[in-house]
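Chemist: Got a structure for you, questions after.
The values are calculated or read from the model by the stated rules, or taken from the named source; none is laboratory data. Since the model is a prediction, treat every value here as computed from it, not as a measurement. Positions of Cβ are backbone-derived with ideal geometry, glycine not excepted, and every protein chain shown enters the neighbour counts.
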């Protein structure tokens with residue numbers, strides 16, 4: 001079947017992952033859905049979401065910072081993803097029930113972890129060798145092609161000579177020093193929402209070998225998350241969803257911004273930016289606001305009075321009470337009046353960075369001179385900035401990963417069996 005063609009063409013496919021087996025799968029483990037083009041209603045999505053609308057939305061959120069030709073390749077490839085995944089044992093959740101109504105995205109049954117488990121099970125069935133806790137530590141390019149890679153596993157480094165290689169190693173958001181260089185001191189306060197293994201080592205190796213960069217350093221998708229959550233791997237459950245139901249106060253107790261100015265889902269990113277620029281903050285809710293808000297994963301801090309609550313979370317009590325009085329006087333939908341009062345400390349949560357390497361439409365890594373590296377491909381977050389140079393679209397990250405991964409894998413397999421396959425010139 002077509003879903004197996006890349007593996008069946010490859011003589012001895014293998015995959016290395018720097019993560020241990022229990023944490024393999026990168027940020028896909030936290031995924032809920034993916035964005036899909038469809039020209040007619042499907043079992044998973046109503047209506048129509050054609051390539052023109054998909055592309056227009058992408059161009060809008062990126063403010064034009066997208067490779068349109070490459071974007072169209074991936075958008076069109078997204079139409080076949082559900083059937084391909086289903087053939088690999090991945091189950092989708094039927095629309096309805098507690099799921100948000102969506103014409104543009106489909107939801108996984110069991111979430112991203114179930115997807116990762118199904119795909120690894122299928123790879124195992126097809127004979128793909130998987131090395132866990134194995135890290136690529138070197139790439140050697142000669143005459144426009146990859147000749148070898150250094151792989152560290154079981155405490156030793158070995159040299160491997162793959163005929164073709166697909167770099168699907170994620171971004172660099174787990175390298176805190178790199179983030180600080182790009183984002184400044186604010187990065188020290190970031191919670192990294194995904195895997196701690198996206199350290200950008202392969203990205204650094206590619207750039208050092210002459211790969212053309214894509215996107216912009218110091219740019220990423222930030223949202224407001226509970227500051228009491230884990231430094232890494234909090235996923236979607238630590239995202240603060242109650243902001244429209246309360247007041248956001250800075251550490252000085254003063255109100256930071258209008259909590260209801262953006263009622264769309266884009267308010268998550270708005271508050272991530274505010275927290276990154278202006279410092280951590282605390283969401284204040286009264287009993288009614290907490291009742292109306294989605295139930296958070298981490299229990300809020302509560303107190304009978306604002307003075308007591310301010311003391312618990314380290315805010316200036318008089319400033320907080322003044323902010324609440326002014327907030328209530330606005331007569332908005334939310335109010336800070338009914339005890340007990342609740343607080344959720346917040347910090348910026350980084351989902352991914354808008355930086356990686358450039359690729360062509362076969363996902364071949366492009367060098368800084370504009371030429372492609374003959375037998376080296378990239379897929380997923382490491383090349384996503386080619387398409388998503390800024391901004392965010394729900395479900396797009398996994399769509400890019402799956403579509404680019406399939407294209408890269410099939411291109412690599414074709415090259416491996418091509419009579420014109422690349423060979424280094426021996427000197």
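Chemist: Take residue 277 and decide whether it is within 27 Å of the chain's Cα centre (by Cα), surrounded by fewer than 16 Cβ atoms within 10 Å (Cβ to Cβ) and either in contact (Cβ under 8 Å) with a residue 40 or more places away in the chain or under 27 Å from residue 60 (Cα atoms) (or both).
Modeler: On the way: within 27 Å of the chain's Cα centre (by Cα): yes; surrounded by fewer than 16 Cβ atoms within 10 Å (Cβ to Cβ): yes; either in contact (Cβ under 8 Å) with a residue 40 or more places away in the chain or under 27 Å from residue 60 (Cα atoms) (or both): yes.
So residue 277 passes the test.
Chemist: Take region 323-342 and flag every residue that is part of a helix (DSSP H, G or I) and either in contact with a strand residue (DSSP E or B) (Cβ under 6 Å, 6 or more places away or on another chain) or touching a residue at least 60 places away in the same chain (Cβ under 8 Å) (or both).
Modeler: Going through region 323-342, the residues part of a helix (DSSP H, G or I) turn out to be 323-329.
Correct list: 323, 324, 326, 327.
Chemist: Now for a separate question. Based on this model, can you work out whether residue 376 counts as crowded, with 24+ Cβ neighbours inside 10 Å, touching a strand residue (DSSP E or B) at 6+ places or on another chain (Cβ under 9 Å) and in a loop (DSSP other than H, G, I, E, B)? Steps first, please.
Modeler: Details: crowded, with 24+ Cβ neighbours inside 10 Å: yes; touching a strand residue (DSSP E or B) at 6+ places or on another chain (Cβ under 9 Å): yes; in a loop (DSSP other than H, G, I, E, B): no.
In short, no.
Chemist: Can you pull out the residues in region 378-394 that are at pLDDT 95 or above and within 17 Å of residue 81 (Cα to Cα)?
Modeler: 379, 380
Chemist: Based on this model, can you work out whether residue 348 counts as part of a strand (DSSP E or B) and either at pLDDT 95 or above or loosely packed, with under 15 Cβ neighbours inside 10 Å (or both)? Full working, then the answer.
Modeler: Details: part of a strand (DSSP E or B): yes; either at pLDDT 95 or above or loosely packed, with under 15 Cβ neighbours inside 10 Å (or both): yes.
Yes; evaluated as a whole, the condition is true for this residue.
Chemist: Quick one: would you say residue 170 is on the phi > 0 side of the Ramachandran plot, touching a strand residue (DSSP E or B) at 6+ places or on another chain (Cβ under 8 Å) and in contact (Cβ under 8 Å) with a residue 60 or more places away in the chain? First the steps, then the outcome.
Modeler: Values: on the phi > 0 side of the Ramachandran plot: yes; touching a strand residue (DSSP E or B) at 6+ places or on another chain (Cβ under 8 Å): no; in contact (Cβ under 8 Å) with a residue 60 or more places away in the chain: yes.
Here the answer is no, as residue 170 does not meet what is asked.
Chemist: Just one of 105, 62, 66 is under 19 Å from the mean Cα position of the chain (by Cα) and over 26 Å from residue 203 (Cβ atoms); which is it?
Modeler: On the way: 62 fails: over 26 Å from residue 203 (Cβ atoms); 66 fails: over 26 Å from residue 203 (Cβ atoms).
Testing whether each residue is under 19 Å from the mean Cα position of the chain (by Cα) and over 26 Å from residue 203 (Cβ atoms) leaves just 105.
Chemist: Restricting attention to region 20-31, which residues are surrounded by fewer than 19 Cβ atoms within 10 Å (Cβ to Cβ) and in contact (Cβ under 8 Å) with a residue 24 or more places away in the chain?
Modeler: The initial filter retains those residues of region 20-31 that are surrounded by fewer than 19 Cβ atoms within 10 Å (Cβ to Cβ), namely 20-23.
Within region 20-31, 20, 21, 23 meet the criteria.
Chemist: While we're here: Could you say which residue among 238, 180 is outside the structural domain of residue 373 (by TED's automatic domain parsing), at pLDDT 95 or above and more than 26 Å from residue 284 (Cβ to Cβ)?
Modeler: Unique residue meeting the criteria: 180.
Chemist: Looking at region 295-320, which of the residues that are touching a residue at least 60 places away in the same chain (Cβ under 8 Å) and part of a helix (DSSP H, G or I) is surrounded by the fewest Cβ atoms within 10 Å (Cβ to Cβ)?
Modeler: The initial filter retains those residues of region 295-320 that are touching a residue at least 60 places away in the same chain (Cβ under 8 Å), namely 296-298, 314-320.
With the extra rule that they be part of a helix (DSSP H, G or I), the set shrinks to 317-320.
Numbers: 317: 15, 318: 12, 319: 17, 320: 27.
Filtering first and then ranking leaves 318.
Chemist: So, in region 210-235, exactly how many residues are in contact with a helix residue (DSSP H, G or I) (Cβ under 6 Å, 6 or more places away or on another chain) and under 23 Å from residue 294 (Cα atoms)?
Modeler: Qualifying residue count for the region: 7.
Chemist: Does residue 218 meet the test of being in a strand (DSSP E or B) and over 30 Å from residue 143 (Cα atoms)? Show your work before the answer.
Modeler: Details: in a strand (DSSP E or B): yes; over 30 Å from residue 143 (Cα atoms): yes.
In short, yes.
Chemist: What number of residues within region 321-345 satisfy the criterion of being touching a helix residue (DSSP H, G or I) at 6+ places or on another chain (Cβ under 8 Å) and either closer than 30 Å to residue 172 by Cα or surrounded by 15 or more Cβ atoms within 10 Å (Cβ to Cβ) (or both)?
Modeler: 11
Chemist: May I pose another question? Quick check on residue 366: is it at pLDDT 95 or above and under 18 Å from residue 143 (Cα atoms)? Don't jump to the end; show me each part of the working.
Modeler: On the way: at pLDDT 95 or above: yes; under 18 Å from residue 143 (Cα atoms): yes.
Judged against the criteria, residue 366 is a match.
Chemist: List the number of the failed condition for residue 267; all other conditions in (1) crowded, with 21+ Cβ neighbours inside 10 Å; (2) closer than 30 Å to residue 393 by Cα hold.
Modeler: Evaluating residue 267 over (1) crowded, with 21+ Cβ neighbours inside 10 Å; (2) closer than 30 Å to residue 393 by Cα leaves (1) as the failure.
One line per residue, one yes/no per condition, for (1) under 21 Å from residue 160 (Cα atoms); (2) assigned by TED's automatic domain parsing to the domain that holds residue 50; (3) at pLDDT below 95:
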| position | (1), (2), (3) |
| --- | --- |
| 86 | no, yes, no |
| 89 | no, yes, no |
| 92 | no, yes, no |
| 95 | no, yes, yes |
| 99 | no, yes, yes |
| 105 | no, yes, no |
| 116 | no, yes, no |
| 145 | yes, yes, yes |
